[in-house]
Structures are given as structure tokens and as C-alpha cells.
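Enquirer: Here's a structure for you.
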Amino acid sequence: MKRSAPSSPDTLDDGLSIGDLAEATGITEATLRAWEKRYGRPEAVRRPSGHRRYRPEDVTWLRRVAEALARGGRASEIVAMDEATLDQWLAAGNRAAETNELVERMLEWVRDFDGPRLRRSLREAWNRMEPLPFLRDRLAPLMEAVGREWADGKLEIRHEHFLTEVVEDLLRTLRDRMGELATGPLVVLATLPEERHGMGLQTAAIGVAAGGGRVRILGTDTPIDEIVKTAVEAHAGGVAISVSLAHGGVATDRVLAELRKRLPPEVRMAVGGEGMRGPRRTPPGITKIADLADIAPWVMSIDS
């Protein structure tokens, strides 16, 4: 016998049966029963007739649960969330999807050497966002994507150099605006010998400026003698080293340890970049910067 269509949630007085709920949401009756038993939701109300009925609002909630599960969420976490937390989870997923789509477009502009579009997109984002969210949510995903494409052989060094020039020109201008009134500790930024990937230096400089610090960038492929000499002569409060995906490893750790040994003890030292991702520990006395947003707190801690 053909089953009748479920009643409309707007006109239903007596609630929905579990069959109606399953049909309206696409979630099987067995799953709904398992969730109710395990997590207490959706919770049925027993009518005087003895029938179990569910609220019309459960339809909207369960459709959002189904959306979250389709995006990779775990039932044990998603079903237990209240409505506000579930909305936040879905909104974060939407932002991530939008970011991924934008990164793909920007990667195409890098491949095509389309500087005007790339600059315009980054400037528009800067004007809408605070400095650290701009670095973390807009620039960092692009840089990470370019690094992966380069490591996989899908982009050439000329593409990385092109992006570096665009980013450095933009961030230098933005940092100058931020640093005009900076009075915090001076931080020397550089890459180690034979490290020619310098894209992370300008982004790190924004993080330093956001923490109230002053910046001196020595650039790429810098001998450790020069880093030490600059830090001593300039009375720097800190030295930060950027390590790319191509140079992370044990050999780099040895050079970092040597630099730490030769710097004055009072000079703080930090290291970050794609090459420092992962569980391995940094040499003693060196702070690992896992996220661009961690740079400003590190700078502010130098004076303490």
C-alpha cells in the first residue's frame, strides 16, 4: 500500500511519527532510533493515545545534522551539539569551503602570472580583515598551497618567485603602515644558508608588527655569522628563522642549534614555516611558531 506523504510541519498538531521524520529528513528510522537511545536525541513525546511523536522543529535540526555528517562530522559529536554549536560548526565549514575555492582561483593566477588580479584580491581581503586573520585565513592557505604544488612538481621555482615578489611588495607597504609607531623589541628575520625561499619572511614581519615589534629583515640564504652580528649590533630582542618545506629536516636542526648556541642568551629565538611542521621537537632554547597568529604573542613575551 502506498504510504501517504508526511504532514506539513507548519500545520501538524500532533507531531510527526518516526516514519514521517525519516521521510522528511532522509535519515533512516533505524538510525533515528539508535541516536535517541544512545544520545537522547531526537526525543519523542508519548501522546495519550500511546503513539510516539516528534516535534516539527526536529526536521530542521536533523537536516542540519545530515548536512554536517555529509561534510565529515562524527555522529557522536554532531548529534550531541546544541543548535548554536551546530550552526557554528557548519558556518566554519562554509568558510573553509570558500577559502579553498578562493585559493584555487589564486593558484590559477599564480600559474598565469596574473599579478593585477592577485594583488587586487589580497588588497581587498586586507581592507576587510584584521592583520592576523588576514595572514592566517587568506595568505597562509595560499602560501601552503603553493608550497605543496612546488613540492609536487606542479609549480616551478619561477612561480614561487613571482608570488614572493607580489606578496613582498604588498606586505612591505602594509607593514610600514603598521610599524610607524612600533616601540617594541627589535626582531631580526632571516632564512638559513642555502635557504632561498623567502616568502615567509614578510608574513612573519606582519606578525611581528602586530605584536608591536620592530623588524629588520636580512633576507634569504643568510650566513649565521651575519645573523649573529646583526642581532648583537642592533641589540635585538629576538631572532626568527623561516624554514620552507624544501629545507625541513635534521640538517636544518643542526644549523638552528648552532645559531642558538652563538646568539647571546638574552636574545630570544623562534623558528617557523612549513619546514617545521610535524611532531619533531626543535633544538633547546628555540620556540617553534606553529601558526602565524603565534608570532605576536611571542614578540610580546620578549620583554617579560
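Only the coordinates and a few stated rules stand behind these numbers; no lab work does. Just so you know, these numbers come straight off a predicted model, no measurement behind them. Ideal geometry is used to build each Cβ from the backbone, glycine not excepted, and the neighbour counts take in all protein chains shown.
Enquirer: Somewhere in region 217-240, is a residue under 23 Å from the mean Cα position of the chain (by Cα) and aliphatic (A, V, I, L, M)?
Expert: To start, the set of residues in region 217-240 that are under 23 Å from the mean Cα position of the chain (by Cα) comprises 240.
If we keep only those that are aliphatic (A, V, I, L, M) as well, we get 240.
Within region 217-240 (the criterion being under 23 Å from the mean Cα position of the chain (by Cα) and aliphatic (A, V, I, L, M)), the answer is yes, since at least one residue qualifies.
Enquirer: So, one more: Answer yes or no: is there a residue in region 237-254 that is within 21 Å of GLY198 (Cα to Cα), in a helix (DSSP H, G or I) and in contact (Cβ under 8 Å) with a residue 40 or more places away in the chain. So that I can check it myself, show each step before the final result.
Expert: Step one: of region 237-254, the residues within 21 Å of GLY198 (Cα to Cα) are 238-254.
So of that shortlist, the ones also in a helix (DSSP H, G or I) come out as 250-254.
Cutting the leftovers down to in contact (Cβ under 8 Å) with a residue 40 or more places away in the chain gives us 252.
So far as region 237-254 goes, yes, one or more of its residues are within 21 Å of GLY198 (Cα to Cα), in a helix (DSSP H, G or I) and in contact (Cβ under 8 Å) with a residue 40 or more places away in the chain.
Enquirer: Quick one: would you say ARG148 is of a type in the set (Lys, Arg) and under 20 Å from the mean Cα position of the chain (by Cα)? Full working, then the answer.
Expert: Numbers: of a type in the set (Lys, Arg): yes; under 20 Å from the mean Cα position of the chain (by Cα): yes.
Yes: the conditions hold for ARG148.
Enquirer: Additional query: If you check ILE206 against the conditions, is it in a helix (DSSP H, G or I), under 25 Å from the mean Cα position of the chain (by Cα) and not charged (D, E, K, R)? Before the answer, list the steps.
Expert: Values: in a helix (DSSP H, G or I): yes; under 25 Å from the mean Cα position of the chain (by Cα): yes; not charged (D, E, K, R): yes.
Answer is yes for this residue.
Enquirer: Kindly check whether there is at least one residue in region 202-223 that is polar (S, T, N, Q) and touching a helix residue (DSSP H, G or I) at 6+ places or on another chain (Cβ under 7 Å).
Expert: For region 202-223, residues polar (S, T, N, Q) and touching a helix residue (DSSP H, G or I) at 6+ places or on another chain (Cβ under 7 Å): present.
Enquirer: Does region 212-222 contain any residue that is touching a residue at least 60 places away in the same chain (Cβ under 8 Å) and out of contact with any Cys (no Cβ under 6 Å at 6 or more places or on another chain)?
Expert: First, pick out the residues of region 212-222 that are touching a residue at least 60 places away in the same chain (Cβ under 8 Å): 212-213.
Right, trim to out of contact with any Cys (no Cβ under 6 Å at 6 or more places or on another chain) and you get 212-213.
Yes; the residues of region 212-222 include at least one that is touching a residue at least 60 places away in the same chain (Cβ under 8 Å) and out of contact with any Cys (no Cβ under 6 Å at 6 or more places or on another chain).
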